[in-house]
Amino acid sequence: MSAFSRKRHVLRALVILTLLVGVATLALGQSLAGTAAGQGRLWTAMPLLVRVSTPPVPASGYAPGETVGSIIIPKISLDLPLGEMANCDDQANLDRGPCHIGGTALPGREGNSGIAGHRSTCSQPFRELGSLAAGDEIVILERTGARFSFRVSATWVVSPSDVWVLDPTPEPSITLITCHPVGSDASRLIVRATLSR
């Protein structure tokens with residue numbers, strides 16, 4: 001093999017290596033950018049939801065950060081204020097405690113009311129949510145004095161992209177959402193409860 005031919009092979013190998021390194025760097029950069037962008041979204045960073053995928057219901061009447069009322073779950077000894085989130089990206093209000101997700105029905109009204117809470121950070125209000133089972137009671141006391149009692153109808157685990165859990169329901173329902181398992185954001189634990197009285 002001539003010196004010229006060897007130089008061509010070396011040059012070709014360098015070009016191919018450079019292209020491979022460039023593609024790998026681009027892929028890594030896109031992956032990191034996607035991860036960084038996702039950190040600002042609840043479903044990814046809370047992690048809970050990306051967006052409410054359904055058309056928003058009429059405004060709740062509560063401003064972000066306001067107390068809507070209280071959420072009481074006797075089985076896990078939970079009795080905490082329930083805040084209002086501006087939308088699913090409102091991490092600041094969620095960090096204060098359980099929150100009604102803006103754009104979903106208010107608890108006790110027609111449709112599906114989304115309620116999010118942390119499981120292993122920020123006082124861990126939903127840490128024991130996994131122990132709930134069908135028939136367990138969840139009570140929402142509104143600031144107005146209205147009381148709504150719900151009974152758990154189902155629990156399941158979904159992937160982070162399954163925002164359909166907030167789709168409207170034919171009966172007044174609440175959908176509690178938190179990360180799963182405890183200490184991980186790999187999946188989401190969903191607890192659905194329907195109005196009992």
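Local charge for Pro98 was computed over the other residues whose Cβ lies under 12 Å away, with Lys and Arg +1 and Asp and Glu -1, and equals 0. In terms of surrounding Cβ atoms within a 10 Å radius of their Cβ, Ser173, Ser184 rank from fewest to most as Ser184, Ser173. Local charge for Ser153 was computed over the other residues whose Cβ lies under 14 Å away, with Lys and Arg +1 and Asp and Glu -1, and equals -1. Could you give P(r) for the range 42-195, binned at 5 Å from zero, as whole percent values over all Cα-Cα pairs? Values per bin, smallest distances first: 2, 11, 22, 27, 24, 13, 2, 0. Cα centroids of the range 58-111 and the range 116-168: 11 Å apart. What's the local net charge at Val191, with K and R +1, D and E -1, over the other residues with C-beta under 15 Å away? Summing Lys/Arg as +1 and Asp/Glu as -1 gives +2.
Each value in this text was obtained by applying a stated rule to the coordinates, not by laboratory testing. Quantities reported herein were computed from a predicted structural model and do not represent experimental measurements. Using ideal geometry, Cβ is built from the backbone for each residue, glycine included, and neighbour counts are taken over all protein chains shown.
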